[in-house]
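Notes to accompany the following structure.
The values are calculated or read from the model by the stated rules, or taken from the named source; none is laboratory data. All values reported here derive from a predicted model rather than from experimental measurement. Cβ atoms come from the backbone with ideal geometry, glycine included; neighbour counts cover every protein chain shown. Just the protein is used for accessible areas: all its heavy atoms, side chains included, with ligands, DNA and RNA removed. Shrake-Rupley method; radii C 1.70, N 1.55, O 1.52, S 1.80 Å.
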Amino acid sequence: SSVSNNYAGYGGGINVSATGGSAELRIESGTVIFFNSAQFTGGGVRLWGDARLVMLDADTQISDNEAIGINPQNGQEQYGFGGGIELVRSAEVDIGSTGLGGYGVIYNNRARYGGGTAVMAEGSDGEFVVARLFSTDPARPVRVQNNTASQAGGGIYLKPNQAVSGTSNVRLCAYEFRIDGNAAQEGAAIYADTDDATGVNFLGRSYVDLNPPEDACNALPAGPVHCAVGTVCNSIDGNIARTVDGQATTGAAVLIQEEASLNADRVQWRGNHGGQVLRLTHDGINGYEGEVSNSLLADNVVSGHLLLADDGADLQLDHCTIANNTIAAAHVIEASDDLILRRSIIDQGQDDARPDFGR
């Protein structure tokens, strides 16, 4: 089955709006959604409200879709969220498919923000928009692959919402996953945004949880498995910070903005190119913005610091190894506030007296 070559303002291939109740869209084996375009948001699939998308079967794919993000009346940029998938309000997605033909389940989509997937809050009543990624085949992990954003969030873009009356939050939960080959000017793999439009202190939050305890993101559907030994998995690799015409930028592979947080366990960050592999920015009110544990950072090429926590952000590394990266900045790690290192190895083979981290 295929949904292809369609066009709409919102939800180029499929649009599901849950009004007055819940709705569920199931994309099952042998189904592809490709070459669709949305003028504003949700190139392949858009879900709004109490709606849920389920993609668990093999041989399914959302690929080559686009959220254009141009107002046709005046030619000005407008929206452009979620080239492959856009989740809005309290929508949720569970993706465990192996993809199609050796390529990722979310593959080669384009948008201004969130080339692969955009997770967007709009309400102000405590809603949570959640994207859950997990593998169902030990040899073929779930993949967000080769997606492009002209602005931010090549693979995945998250945006909470803040209003005077309250907030709504967004969350990415990824287990046994691979996010690879994506590109954007900033946040080539993942961009966790903030919303401070009202100027108040209590902001909506973006949560990025990579291999957290399963109860952190509500119950997973039946069927998630660990990747087989020797399989490239739990990997953020080959993502590039660049413009759409191929010019390198100083953006990070993963950017965690104000009031956003990262909890990453058992993740390898390899072969990414940009300004940093991970950047955390701004101090938060709820503790450490970035906690990375049992992880490997190797073979990355950066024009700045490998890890950067600036504007008061905190960073914690537990049982991590940092080696064989190409780093142009004076330090491997730059932290403006708390930096905690526990049982970690930093081996960059430096032949001068520079310290490995700065503050």
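Observations on the structure shown:
- Calculated log₁₀ intensity ratio I(q)/I(0) where the Debye formula runs over C-alpha points of region 1-132, q = 0.09, 0.16, 0.18 Å⁻¹: -0.22, -0.70, -0.88
- Gain in span if fully extended, D215 to A330, counting 0.36 nm per residue against the direct Cα distance: 37.4 nm
- Using a probe radius of 1.4 angstrom, the carbon and sulfur fraction of the accessible surface of region 237-346 is 46%.
- Evaluating kT/(6 pi eta Rh) at 20 °C and 1.002 mPa s, with the Kirkwood radius of the chain over Cα pairs in the Stokes-Einstein relation, gives 107 µm² s⁻¹.
- Region 105-170 - percent of accessible surface contributed by carbon and sulfur, probe 1.4 Å: 44 percent
- Extension gain, A298-N74: 0.36 nm per intervening residue step, less the Cα-Cα distance, totals 76.1 nm.
- Taking every alpha-carbon pair within region 60-153, the share separated by more than 24 Å comes to 26 percent.
- The order of the peptides 245-255, 324-334 by mean Cβ neighbours within 10 Å, most packed first, is 245-255, 324-334.
- Hydrodynamic radius of region 71-115 per Kirkwood, over alpha carbon pairs, in Å: 12.6 Å
- Across the chain: Cys residues that no other cysteine approaches within a C-beta distance under 4.7 Å: C320
- Normalised per residue, the accessible area of region 178-280 is 38 Å², obtained with a 1.4 Å probe and no contribution from ligands, DNA or RNA.
- Environment charge of N6, counting only residues whose C-beta is closer than 13 Å and scoring Lys/Arg +1, Asp/Glu -1: -1
- Taking a ≥ b ≥ c as the square roots of the eigenvalues of the Cα gyration tensor, region 130-254 is classed as oblate, since a/c reaches at least 1.5 and a/b does not exceed b/c.
- Positive minus negative residues near C227 (Lys, Arg vs Asp, Glu; Cβ under 12 Å): +2
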